[in-house]
Amino acid sequence: MTARAGGRRFVLRLGALAVALAAIPLGAQRPAKAAKTAKAANTQPATPPPPVGPPPQNHIDDLVYARLARSHLLAAPLSGDAVFLRRVYLDAIGTLPTADEVRAFLADSSRDKRRRLIDQLLERDAFADYAAMKWSDALRVKSEFPINLWPNAVQAYHHWIRASLRANLPYDRFAREMLTASGSNFREAPVNFYRAVQSRAPEALAAAAALTFMGTRTDAWPREKLAHLAAAFSQVAYKPTREWKEEIVYFDPDKPFAGARPGAPRALTFPDGATVTLAPDQDPRDAFAAWLTAPTNLWFARAAVNRVWSWLLGRGIVHEPDDLRADNAPSNPELLAFLERDFVAAHFDLKHLYRLILNSATYQLASSGGATGAEADATFAHYLMRPVDAEVLIDAIDDITGASEPYSSAIPEPFTFTPLGQRAVALADGSITSTFLVTFGRSRRDTGLESERDTRPTAAERLALLNSSNIQRKFDQSVKLQALGQQSTDGRQTLDALYLTILSRYPTDDEVRIATAYAQSASANRRIVGVDLAWALVNTSEFLYRH
């Protein structure tokens, strides 16, 4: 019997276990009492109202709980240590904790261990890798059609993005350096903001700036409002050099300024209606960047905090996170306003924003056990479960099996391969991909919209994990898993190692009983037990979802 046949038979034998594991991340069956409202619980007006959720950790929780109380909703309890550990690793650095890291965290009895872990994760290189992946989606970092940045420019741009995030460059400077950049696309990386677009018309550049830094879509704007913003980019020019595919982006004062007669003073009108008269030699992009990043312009801060909140909590306070408009109200206006003010007061410190959100009880709530329904989701009564990102998922599978995924660009100019061992999270170029990444919804990076990352589970994804020859080889040929199954005569030690590595927790008694029975069956041998069990665990919803 092959290892794969044994693995499939193992999954059938683990029927009861599979149901139990699947129920954890999907949250499909929460107890009826969990939906009890705060209003129902408070049957004696003379006594203080019952707490809406676990003890608040910062002002985020005060505002979230106040919103839940207005809707008579109860928050979920705090997540356990193992769930929190796995969650914060996936959300902050896009990777799973190692078995040793899980053991150490679960054995730590100090009360501040979650706070210390968050601080440590934000200083790891993996934080910069994962944050750069997210920002590269938003900034359309892609060498081929329809963006056509070219590989040299992609590498320069991604390197600058990652280095900026690693150094915690203040977000206002991060944006301003792109918006005001001039120079070579190979040597002055931020200028690629003006090349990572499908059209170089001023209106398209204005739409890209509004989407990225204001979190708004200009397709619904009045034509005049878009024209006013486009004027800020109407004197952006491009010229080639003698180096192949190098291009200079620059301010051309001789280029007509939209809306102004030749020789007349140039006036720039911003989206809020404010107007500024430009000096004769002033680049209008400088004026727009100054208006956008001013501490008094909360539109800029609002878009940033809403975007980061959506990355960590699964949806924006305004949903979608890049669809801020007057008729798309935030689910918690007070929370959004607080985060805006705090971000500005912290001098646009992105790590401060991450730290504030990750340390909140709201972020650390369990994914089940509180109120349910659309309003509970929108008001963050519990952690929102969602599939693991495609890049994170394949990196995790490769870490578990010791395998490596091949990535390449299918476009002939140039046909590109990456060396084995390349982590998907750290891929610079949206054009360099694999069948797995495409199947599991990696962002195409064509528009910069958050919705380009398709997180809806599909039948193709399930079939890929169950039947793909690529995934099958990773497990069947895994020396790492085979060695794990053979290195100890203590089956419980092997089982613990597999669960800690794959699910970031110890197995339950029922899981130990079922797995032990399989390992002792006549059809099993120690060489393939680890392979089969790992394959079964990777195909559970608990592994495939953030929860």
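The values are calculated or read from the model by the stated rules, or taken from the named source; none is laboratory data. Source: prediction; values computed, not measured. No Cβ is skipped: glycine too gets one built from the backbone with ideal geometry, and neighbour counts run over all protein chains shown.
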* Odd one out for residue 429 among (1) of a type outside the set (S, T, N, Q); (2) surrounded by fewer than 16 Cβ atoms within 10 Å (Cβ to Cβ); (3) in a loop (DSSP other than H, G, I, E, B) -> (2)
* Could you please tell me which pairs satisfy a Cβ distance under 8 Å, a separation of 6+ or placement on different chains, a first residue in segment 92-108 that is on the phi > 0 side of the Ramachandran plot, and a second residue that is surrounded by 22 or more Cβ atoms within 10 Å (Cβ to Cβ) and part of a loop (DSSP other than H, G, I, E, B)? => 94/389
* To do: Among the residues of segment 438-474, write down those that are of a type in the set (Gly, Ala, Ser), within 17 Å of residue 396 (Cα to Cα) and in a helix (DSSP H, G or I).
  => 464
* Structure fact -> Scanning segment 375-414 residue by residue, those crowded, with 22+ Cβ neighbours inside 10 Å, assigned to a loop (DSSP other than H, G, I, E, B) and either touching a Gly at 6+ places or on another chain (Cβ under 6 Å) or small (Gly, Ala, Ser) (or both) turn out to be 381, 382
* Asked: Quick one: which of 403, 426, 361, 366 is under 18 Å from the mean Cα position of the chain (by Cα) and small (Gly, Ala, Ser)?
  -> 426
* From the list 108, 125, 100, pick out the single residue that is within 19 Å of residue 355 (Cα to Cα) and either in contact with a Gly (Cβ under 6 Å, 6 or more places away or on another chain) or not hydroxyl-bearing (Ser, Thr, Tyr) (or both). => 125
* To do: Name the one entry in 176, 162 that is under 17 Å from residue 129 (Cβ atoms) and crowded, with 19+ Cβ neighbours inside 10 Å.
  => 162
* Asked: Name the pairs whose Cβ atoms lie under 6 Å apart, with the first residue in segment 190-211 and assigned by TED's automatic domain parsing to the domain that holds residue 162 and modelled with pLDDT of 95 or more, the second in a loop (DSSP other than H, G, I, E, B) and of a type in the set (Gly, Ala, Ser), and 6 or more positions between them or separate chains?
  -> 190/181; 191/181; 202/234; 211/448
* To do: Would you confirm whether any residue within segment 441-453 is touching a strand residue (DSSP E or B) at 6+ places or on another chain (Cβ under 8 Å), on the phi < 0 side of the Ramachandran plot and surrounded by 14 or more Cβ atoms within 10 Å (Cβ to Cβ)?
  => yes
* Structure fact -> Sole miss for residue 307 among (1) modelled with pLDDT of 95 or more; (2) under 20 Å from residue 174 (Cα atoms); (3) surrounded by fewer than 19 Cβ atoms within 10 Å (Cβ to Cβ) is condition (3)
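To keep it simple, each residue is scored yes or no on (1) under 30 Å from residue 186 (Cβ atoms); (2) among the charged types (D, E, K, R); (3) surrounded by 19 or more Cβ atoms within 10 Å (Cβ to Cβ).
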position	(1), (2), (3)
101	no, yes, no
115	no, yes, no
120	no, no, no
132	yes, no, yes
138	yes, no, yes
142	yes, yes, yes
148	yes, no, no
* In segment 196-255, what residues are aliphatic (A, V, I, L, M), in a loop (DSSP other than H, G, I, E, B) and surrounded by 16 or more Cβ atoms within 10 Å (Cβ to Cβ)? -> 196, 197
* Counting just the residues of segment 516-533 that are touching a Phe, Trp or Tyr at 6+ places or on another chain (Cβ under 9 Å) and under 25 Å from residue 97 (Cβ atoms), which one comes out modelled with the lowest pLDDT? -> 529
* To do: Test each condition in (1) more than 21 Å from residue 150 (Cα to Cα); (2) of a type in the set (Ser, Thr, Tyr); (3) modelled with pLDDT under 95 for residue 439 and report the one that comes out false.
  => (3)
* Asked: Regarding residue 485, is this residue buried (at least 16 other Cβ atoms within 10 Å of the Cβ), at pLDDT below 90 and of a type in the set (Gly, Ala, Ser)?
  -> yes
